[in-house]
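So the structure is just underneath, and the comments pick up after that.
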Amino acid sequence: MADSAGDGIHALPSREKMSAGARKLRETYDIKPDAPIFQSEFGFYCLDRWKSEGHIQGANQGDPNDELASLFGHDEPGSYGLRGLGWCEAEFSPAFEEKIIEDRGEHEVVQDAAGRHVLCFKGRRSGFMPEYLEHPVKDRQTWEMNCKWRLDPGTANRFTDLEEQMAKARDKAAEGLMICQGLVGGYMYLRSLIGPVDLMYKLHDEPALIHDCMAAWLALADAVIAKHQQYVTLDELAFAEDICYNKGPLISPSMMREFLLPYYQQLIANVQRRQLDKGRRLNIFVDTDGYALPVIDFYREIGMNAMGPFEVAAGCDVVEIGRKYPDMILHGGIDKRVLAEGKDAIDKHLDYIMPAMKRRGGYIPTCDHGVPEEVSFENYLHYRRRMLEYA
């Protein structure tokens, strides 16, 4: 269609028509050696400390993320994220009622929107790792009674804001921003339903139940993404997976192949087939904490070409990984513990990573998870100043 050339949907706009953030991010994804480093951050758990110390404004005085971007020299966004498929939990519709189950003095047991019973500090349900006491799926009966019907792709209110969301996405695509569909990964989804320990037993004892859960995951993901693809071409599928701990994967390679691989392959094949821009590369990003090296080859079988955040404490070294996989885009790899140590430690860390990774290209340096409260504002500001030297 002549009138759709370069609209960002049927074809990419010219480089001159792209926003600065879009150009920079796309060059990173093209793994151009010595390309400018895209400046961003994974997230922040230190904002309350920095606010109390007077370094940044309070939440009621504007968006802190805009303030932080200006303070730290972060680039303007190069991508636009599509919602509707969860991230750390399944996308239930309706969600479970959030309510207090039990008062335990300084703590309380709360039912969260994913149906889990969670022990947390009274009046504080976010910003820390709670203790999960109970998950909604214990057997086939509780799966069907509590969860399966909440994953129905036909639930009307799943798409109440579709036109508004897609109008924004089309505008961003016209500026060249990468359109990224985020969704909860297969393992993360199963873990949110069943719990990490009970899941291990269910994979062995009740494989039919697990396959039914995964069939529901695939049906919902495919239906929602198909709706979105009527309006835009996707540049990336981003799976929140967290399948690794500090020694490697939480389930065996054979279980990954039986319970994850076919569903990933089918979803990605369907997405590829529906793309409006048939020549567009579909990037596959996998987000997992822990020691990720043992699962890289598995996810590359589904087309994964981007991964993060590569936790250093778990043994991930982005320089070595970058050498072994020169065609992968790497996110993360900056040790949050080093950011808390001091300027000399930060300098030594960055002087090891950044020269090699800038020469390589395809690297987006961020903290290897949210910046923790232990990181002082002064340390983080020094880190950002050093990073801008590489910009």
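Brief remarks on what is shown
- Residue ID - nearest to V197 (Cα to Cα), chosen from residues in the stretch 108-167 that are β-branched (V, I, T) and in contact with a Cys (Cβ under 9 Å, 6 or more places away or on another chain): V137
- Of the listed requirements (1) surrounded by fewer than 16 Cβ atoms within 10 Å (Cβ to Cβ); (2) at pLDDT 95 or above; (3) of a type in the set (D, E, K, R), E389 misses just one: (2).
- Counted residues, the stretch 33-72 - those being of a type outside the set (D, E, K, R), in a loop (DSSP other than H, G, I, E, B) and modelled with pLDDT of 90 or more: 14
- Some residue of the stretch 312-323 being out of contact with any strand residue (DSSP E or B) (no Cβ under 6 Å at 6 or more places or on another chain), buried (at least 21 other Cβ atoms within 10 Å of the Cβ) and either assigned to a loop (DSSP other than H, G, I, E, B) or not small (G, A, S) (or both): yes
- Any chance L330 is hydrophobic (A, V, I, L, M, F, W, C) and in a strand (DSSP E or B): yes
- Residue in the stretch 269-281 that is within 20 Å of the chain's Cα centre (by Cα), crowded, with 21+ Cβ neighbours inside 10 Å and either aliphatic (A, V, I, L, M) or not assigned by TED's automatic domain parsing to the domain that holds L25 (or both) present: no
The values are calculated or read from the model by the stated rules, or taken from the named source; none is laboratory data. Being a predicted model, the structure only gives us computed values, none of them experimental. Methodologically, a virtual Cβ is constructed for each residue, glycine included, from the backbone with ideal geometry; neighbour enumeration extends over all protein chains shown.
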